[in-house]
Structure formats: C-alpha cells, structure tokens
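Bear in mind that the values in this text are calculations on the coordinates, not laboratory data. Everything quoted here is computed from the prediction, not taken from an experiment. FYI the Cβ positions are ideal-geometry reconstructions off the backbone, even for glycines, and counts take in every protein chain you see.
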Amino acid sequence: MIISSQKKFKELLRALKERNIFIIGCGKCATKLHVGGEPEVLEMRKKLTKAGKNIVGWMVMSSACNISSWDDVLAKNPEIGKSEALLVMSCGGGVSLISSLSERQVYPALDTESLGGVRLEDTMKELCGMCGECTVWEFGGICPVSQCPKGLLNGPCGGAMEGKCEVDERTCAWDEIYERQKKLGKLEYLGIVQEPKNHSKKKRRQAV
Amino acid sequence: MSFESKLNKGKFVVTAEISPPKGTDTGDLLKDASMIKDFADAINVTDNQRAIMRMSPVAACSILESKGFETIMHLTCRDRNRLALQSELLGAYALGIKNILVMSGDHPVKGDHEGAKPVYDMDSVQLLGMVQKLNSGFDFSGNRLDGSTDFCAGAVTNIELNEIALMKLEKKISQGVRFIQTQAVFDIEKFSVFLDKIKDTGISKSWIIAGIIPLKSEKSALFLNKNIAGIKVPENIIDRMKNARDPEMKGMEIAAGLIKELHGMCGGVHIMPIGNHEKTKNILEMAGII
C-alpha cells in the first residue's frame, strides 16, 4: 500500500493555473486511505467549482498505476479532450504514468509519503524503506531503514528519551526490533555487525 | 605525551569540550581554549552539535592544533556520505588531527536547518570500521591509500544502557575503539552499574572517560533532564541547586565532588560546560586533580 495524503487545497489551487480540469481518482490505495476515491473526487469537484474552476469531467480508475490502454480511457471519457489539465488523486506512480500516457499537463492532488499498509483500520506508514536488498528478518520484520529516522542498522542512537524517538512522538524502532527478536528467540541476529547499504541498488532510472 | 599515550599509561586524563564558532570569528574559540591550556589533555571539538550549523570541526581542530592544542575531532554520520567522511578524515589526519570521536549525530529536525537531508549513509559502528580500514592503509572500497591514517578513535555512550544499547556499544568496541566518552554523569552509583555492565566487553576501565556538566542553576538541571537524552540529574542534586545561596558555586562543588569520586574508577573526565570554560580550572582544583 502506497501511503499518501491530500495536499492543502490552497497549495493545490496555487499550482493549478488552468480553468478546465478533469479529475482522476484511484481505486486502490488512495481509495482505501480515503484520499483519492470517489467521495474525495466528488468533494474535490465541489471545492474546485466553488473556487471558479470548470470541472469538465471525472473518473475513478481501477488503478492509476496500472493502465493497459490510454485510448480506452479516452474513449470512455471523451471529456478529457476538453480539459486543459488533469488533476490526479493517486500516488506519484499513478501521476507519473498518467503524465507520460496523456501527454497533458498533469497535477498531483496528493503527496506520496511512504510504502506502508493498513491493519484493520490503522494506517501503518513507512513499513519498507525500498532499499533494494531486503534483510528484514534480521530485524524481526521491522524495517530499520524506514522505521528509524536515521536508518541505523546496528542498533539505536543515544537520542531516545524514555523509549520515544528524538525526532517525534514515535517509539524507538530499535526497542521494538529488540522486543520482537526476543519474542522470536532470534536475538543473535542483533549481534551481527551490519555493513552499510549498497545504494547503487537504488540508482535512478533503473531499467525494469 | 599524546592523549592516547596518557590513556594507555593510565594517567587520569582531562578532556574539555568546545564548539566551533557560528561564523568565521575564531576569537572566542581560542579564548576558551586558552582557559584550559595548562591542564586539558585534549580538546573535544563538536561537529554541528545538536544539528546546529557551525564551522567545520576539521577547520576548528586544525586552528587549535596549530596553536599547540591536541584535539579530539567529533565526526557525526548525519551530514556526510561515505566519500565525504573518508575525505574529511584524510584531510584531518594530514592537518595533524590524531583523535576522533564518532557518533550518529542528532537528527536535523532537532537543529536550525530542519529541512536538511539527513544523510546517515553509515552509522557509528560502520564508521568506526571504516576508520580501521583507513588506519590499515585502505579505503572503504579496498583501494590502497597513498599514506594511511593512524587515528585513535573513540565512541560515545549513555550511562544507562538497556540490552539493545549495550549490544550496540559492544559492536562499537569490536570496531577498534580506543576510548569511550560518556554522557554526563550525576550519579556515581549508576556509573558503577554501567562499569559493571561493560566489564565483559573487553574494554578497559581506563579507556572510559566520564562526562561532567557543571550545573549553573536549578533551571539548567531541569533543562538537561527535559531536553538532553541520556542525562538524568537526580532529585537530591536538583534540591541542592534549588536551596543553594550561590547556585553556580554549588554546581561547581557538585561537579568537583563527582570528579573526586570518579578518580580511580575510570580513565578520566570530560568537561562539558554550559557556556565557556571560565570555571573549569577552579572545578578541577576543587576536585584535587590539578
């Protein structure tokens, strides 16, 4: 699940220069997180209309990051042809894909934050740091790359106070890693001197 | 005699912490250093401490070394990737800096450049391992160096260690640490417990340098407890500060008392004043160290 949140409306309006707008929502993560599903698209339409924009049409794609034919999208949504810009309420993946397929001015309505999940109704952020060399079993299934703000691999820094991370109110990821490994009987993993990550595995514009 | 030789010979060392200037004026840096010239075995120079931007510790250490001071250069993992850390270390060594103190570094959101990219390409354990490589004549990637380093590398620790913090300290020690400087000590009993805990890690007690922060007021004690991780000023000390007619003098007495007790327990003390080193000499005299 890609975790994203809605941009502030004022901020969005500042960027959105065009008047005739088509809105695209996403049926996957953005719907589940209530930031880019049908109710949010309709709410956005209302707010933009009130702000003087002309909403020529809207749709919610089943998945904004998985589009087999843009021609089909256009055929089913001819209003797109009347728009000057698309406002996409999905994660950055969907926004980029739609930008390249539509060859139109595309604006993101959301800010993409992390790779996470939803447990019952709890949104869990930053579950994976997408480092390209997963060894999460060595940390009890808790990713230190994303859960520790410093991405420390060999244990906690000295900054936590009474179990709280120095960065904000979250609990220290390393306390959780320790507790999990203790429960699993795998504390020996925490004695391993971990090498730094190989960031060449994350180089940009990597071919699929 | 160098700081490292003194440590190895079992002299009770005194180190003192100075922050580089926020700007290019080194006047206060040199003034502060001159106040501890006669008795400090080495001067710790901080690296953008608390994520507040200041002059580079390489530059500040180099200036102090050129005036005859021996320095311990702090090096955090926050601001530099592995290339920058290594080139900084080679530069520092070429400029005469022999001692370094390695730490993760406070997160940028704690400081005055909140939006800065937190680097943390390496952590303190990995950085210590890399220093060992440079000392053996190779860079991190295994390329041979034209002239190696011979750093005396140290690590930091809090006094109160839970299991996972102790495991990390053990890893640091496994990476060639030659001394350890602790967060400020206010409770000798707790310091004893700490020494007991690290007994089996293979590090000698004479390599442990205990941190000392002379309190200035009750307020300063409360500030430390609230804002600085790893420091716990106990109630009885807060009360003594509160009831003191001259709180600054009381803070000096307390610091001197702690130093007296620490003498013989560990390898030395590290003075981290609130402000400058104006009173450091007095405190050490009161403790009977100098």
Worksheet item: Within 10 Å of each Cβ of A:191-198, how many other protein chain Cβ atoms are there on average?
Response: 5
Response to the item:
Karplus-derived 3J(HN,Hα) from phi for the range A:188-194 (6.51 cos²θ - 1.76 cosθ + 1.60, θ = phi - 60°), whole Hz, x at Gly and Pro, runs 4, 4, 6, x, 6, 7, 7
Item to complete: Quickly work out the B:Thr201-to-B:Lys11 label distance, labels modelled 7 Å from Cα along the C-beta direction, and quote it in nm with one decimal.
Response: 2.5
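In what sequence, highest mean first, do A:48-54, A:82-88 appear when ranked by Cβ atoms within 10 angstrom?
The peptides rank, most packed first, as A:82-88, A:48-54.
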Worksheet item: Once the dipole of the range B:3-286 is set up with Lys and Arg at +1 and Asp and Glu at -1 on Cβ about the Cα centre, which of B:Tyr93, B:Ser5, B:Ile72 lies farthest towards its positive end?
Response: B:Ser5
Item to complete: Would you look at the GNM of chain B, springs on alpha carbons closer than 10 Å, and say which of B:Ala84, B:Ala94, B:Ala51 moves the most?
Response: B:Ala84
Worksheet item: For labels at B:Phe138 and B:Asn282 in the simple 7 Å Cα→Cβ model, what's the distance in nm?
Response: 5.4
Fill in: Among B:Gly137, B:Gly268, B:Gly23, residue whose mean-square fluctuation peaks in a GNM of chain B (springs only between Cα atoms under 10 Å)
B:Gly23
Discussion item. How shielded is B:159-172 by partner chains, expressed as the average number of their Cβ atoms within 10 Å of its Cβ atoms?
Written reply: 5
Worksheet entry | Proportion of all alpha-carbon pairs of the range A:129-197 beyond 13 Å (%) | 61
Response to the item:
Length gained if A:Ser69 through A:His199 is fully extended, taking 0.36 nm per residue and subtracting the Cα-Cα distance, is 43.4 nm
Item to complete: Quick one: which residues, 5+ away or cross-chain, put their amide H under 5 Å from the amide H of B:Lys98? H built at 1.01 Å from N.
Response: B:Thr71
Discussion item. For A:Lys183, give me every one of the lysines with a C-alpha distance below 29 angstrom, ignoring sequence neighbours fewer than eight places off in its own chain.
Written reply: A:Lys125, A:Lys150, A:Lys164, A:Lys197, B:Lys168, B:Lys171, B:Lys172, B:Lys190, B:Lys197, B:Lys199
Response to the item:
Here the whole-number average of other chain Cβ atoms within 10 Å per Cβ of A:157-167 is 6
Worksheet entry | For chain B, built as a Gaussian network whose Cα springs stay under 10 Å, the top-fluctuating residue of B:Asp196, B:Asp139, B:Asp32 | B:Asp196
Worksheet entry | Theoretical ellipticity at 222 nm over chain B - DSSP helices of four or more residues, -39500 (n - 2.57) apiece, nearest 500 | -11500 deg cm²/dmol
Discussion item. Given points 7 Å out from each Cα along the Cα-Cβ axis, report the B:Arg245 to B:Ile52 separation in nanometres with one decimal.
Written reply: 3.4
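Quick one: putting +1 on the C-beta of Lys and Arg, -1 on the C-beta of Asp and Glu, what dipole do you get for the range B:75-141 around its Cα centre, in Debye to the nearest 20?
Taking the Cα centre of the range B:75-141 as origin, the dipole is about 180 debye.
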Fill in: Spin-label proximity, A:Asp122 to the range A:141-170 - amide N less than 16 Å from point 7 Å beyond Cα toward beta carbon
A:141-143, A:147, A:169-170
Fill in: For chain B: relative contact order, % (alpha-carbon pairs under 8 angstrom, 6 or more apart)
18
Practice prompt. Can you work out the PRE-style zone for B:Lys22? Point 7 Å along Cα to Cβ, and I want the residues of the range B:228-246 with backbone N under 20 Å.
Written response: B:228-229
Worksheet entry | Relative counts (whole %) of C-alpha pair distances in chain B, using bins that are 10 Å wide | 6, 28, 37, 23, 4, 1, 0
Discussion item. One quarter of the convex hull surface, Cα atoms only: what value does that give for the range A:2-113 in nm²?
Written reply: 5.9
Practice prompt. Two decimals is fine: what is log10 I(q)/I(0) at q = 0.11, 0.17 Å⁻¹ for chain A, from a Debye sum with one equal scatterer on every Cα and no solvent?
Written response: -0.66, -1.09
Item to complete: Starting from the alpha-carbon convex hull of the protein assembly as shown, give the projected area averaged over all orientations, in nm².
Response: 28.7
Discussion item. Using only the alpha-carbon atoms, how far is helix A:173-184 inclined from the longest principal axis of chain A? Give it as 0 to 90 degrees, nearest 10.
Written reply: 60
Worksheet item: Relative contact order (percent) for chain A, with alpha-carbon contacts under 8 angstrom and 6 or more residues of separation?
Response: 18
Practice prompt. Over the range A:129-197, calculate the relative contact order: mean separation of alpha carbon pairs under 8 Å at least 6 apart, over the residue count, as a percent.
Written response: 35
